[in-house]
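**Student:** Have a look at the structure that comes next, please.
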Amino acid sequence: MPNPFTAFGISSELNERLRADGIVHPTPVQEQAIPAILSGRDVVAQAQTGTGKTLAFVLPILQKLNPRKKAVQALIISPTRELALQITEETSRLGPVVDANVLAVYGGQDVERQLKRLEDGSVHVIVGTPGRLLDHLRRGSIHFGKLDVLVLDEADQMLHMGFLAEVEELIAQTSSDRQTLLFSATMPEAVRSLARRYTNDPVDIRIDPERRTVEAIEQVVIQTTDRQKLDALCKAVQEQNPYLAMIFCRTKVRASKLNASLQERGFLSDELHGDLTQAKREQVMKRFREAKIQLLVATDMAARGLDVEGVTHVYNYDIPHDTETYIHRIGRTGRAGERGVAVTFAAPRDAMYLEKIERGMREVLRKEAAQVGARAAKPGGAGGGNEKPEQGRRGAGTAARAGGRFAKSGNEGGAGRGRSGKPAAGRRPGTRSAGVSAQPGGRSGARGAGAAAQPGGRFAKPGAEGGAGRSGKPAAGGRSGTRGERPGGGRGRRGR
């Protein structure tokens, strides 16, 4: 029986590279888009981030690419630098299989370096943002006259950010017989109009985001007040103990202030918003992907299009004002068949927005009242600021986080015999159970039996085995305590 990707017409070489990355099964958007693109049809696809849409167009582009042709054969336009970088990384990882050269063109980079790459005509695929692409076009350093494929990714966001004129100017410089692929999370009339003008008899693909969200994500609303919201967030993070979590704020200023408050309380967090330099943004995302920070505080604009594996929780610190934004946010978790948790904090004045979201989702979200004291404890405390941090042991085989939601079932271990670890100043004390092999520099904290600590103190993947438990010292600057299990350990993942 042929592999699903090879059955679509993807080469065995590309398929082997996918397998090496753990990508075995195509997602719904890939199942529909890849055969259509390989057949030469234009495509208009409504699909959110996290549905695998990047591979849905990258794979057929690379499959059809001619490495001997010295010209730009594919142009992928994205609204943000973060998304452009992410697409570039995905394409560059697969590109060597077919001898394809990929170039990222976006602001914050060295223009001269980009010019050198373009001079010899060896670049086959360009991924870029509208503004920087137009800069090169006006310099005469880029030519799209021989372009085979044009991709407009996150088209709704592109128009929302005011790039319509730039996008149309870029399209005007491409060949008339190009293949056009448009991907968008939503389909407002402006996007439909763009599709009608620049695609020819396209294949229409719709991936239902609401059904996917409801099935994969546990959603809860914590009713609180503006004054108590920070304590409520800290208590929720301490109790739920995510492996990786994204926290959404309405503005850049609020994101920055919230991150400072979380760091002051000892959490491993950082911020992502438009006021950061490109170098700083890339550094933050690298640390988050490597699980060196646990919490990423972000604005909607900065986080648009980000796809990070291992995000178990999403916290809406500021409630979104519409259903589409809500779906975009919580869609960062619950991916590829894994479970996720989305927590929304709602003050009384947010009632109108909450009702709007529930109408759009066609369901009533579960609600809980915030239970916080005068000030939430630092990581490791039980919340409320008055109770002692957890000491002693956890039962063998239990998950590190409360409720065990992200633990792999069937973990085995001996009876817990954890010892209280000494926390660093301002950090979280905790214990470690038997069956944990502590690595040098690992964090001190309670972990379920049968989990092995990874180098650098990050939480072990589910299913790892370890020896007798030892209390490890926290690494410099690290948080003593536990982190929830990473989901999906050891299983083949679906394509991004």
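**Student:** Packing-wise, with mean Cβ within 10 Å as the measure, how do 56-63, 5-12 rank, highest first?
**Tutor:** 56-63, 5-12
**Student:** I've got another one for you. Given the pairs 53/116; 64/292; 69/286; 292/356; 146/286; 235/257, which span a C-alpha to C-alpha distance of over 27 angstrom in this model?
**Tutor:** 53/116; 64/292; 69/286; 292/356; 146/286
**Student:** Relative contact order, percent, of the range 62-117 when contacts are C-alpha pairs under 8 Å separated by at least 6 residues? Present the calculation step by step, with values, prior to reporting the outcome.
**Tutor:** Numbers: 29 pairs, mean separation 20.4, N = 56.
Relative contact order comes out at 37 percent.
**Student:** Further question on the same structure: Tell me, what HN-Hα J-couplings in whole Hz come from the Karplus equation 6.51 cos²θ - 1.76 cosθ + 1.60 at θ = phi - 60° for each residue of the range 16-23, using x for Gly and Pro?
**Tutor:** 5, 5, 4, 4, 4, 8, x, 9
**Student:** Would you mind computing the Rg to Rh ratio of the range 4-207 from its alpha-carbon coordinates, Kirkwood style for Rh?
**Tutor:** 0.93
**Student:** Shifting gears a bit: Quick one: which of 358-366, 79-87, 186-194 comes out on top by average Cβ neighbours within 10 Å, and what's the full order, highest first?
**Tutor:** Listed from highest to lowest mean packing, they are 79-87, 186-194, 358-366.
**Student:** Which order do the peptides 107-120, 18-31 come out in when sorted by mean C-beta neighbours inside 10 angstrom, highest first?
**Tutor:** Ranking, from highest mean packing down: 18-31, 107-120.
**Student:** How much space per residue, in cubic angstrom, does the convex hull of the C-alpha atoms of the range 229-371 take up?
**Tutor:** In the range 229-371, the Cα convex hull volume per residue is 111 Å³.
**Student:** When Rg is the radius of gyration of the Cα atoms in the range 104-211 and Rh is its Kirkwood radius, what does Rg/Rh come to?
**Tutor:** Dividing the radius of gyration by the Kirkwood radius yields 0.99.
**Student:** Counting pairs of alpha carbon atoms under 8 Å apart in space and at least six apart in sequence, what relative contact order in percent does the range 145-279 give?
**Tutor:** Answer for the range 145-279 is 18 percent.
**Student:** Suppose a student asked you for the relative contact order of the range 1-137, using Cα pairs under 8 Å spaced at least 6 residues apart; what percent would you report?
**Tutor:** With pairs under 8 Å counted, the relative contact order is 24 percent.
**Student:** Express the C-alpha Rg of the range 1-99 as a ratio against the empirical globular expectation 2.2 N^0.38 Å, rounded to two decimals.
**Tutor:** Expressed relative to 2.2 N^0.38 Å, the Cα Rg reads 1.04.
Quick note: the coordinates plus some simple rules give every number you see, no bench work behind them. Please read these numbers as outputs of a predicted model, since none were measured by experiment. A quick note on method: Cβ atoms are made from the backbone with ideal geometry, for glycine too, and the neighbour counts reach across all protein chains shown.
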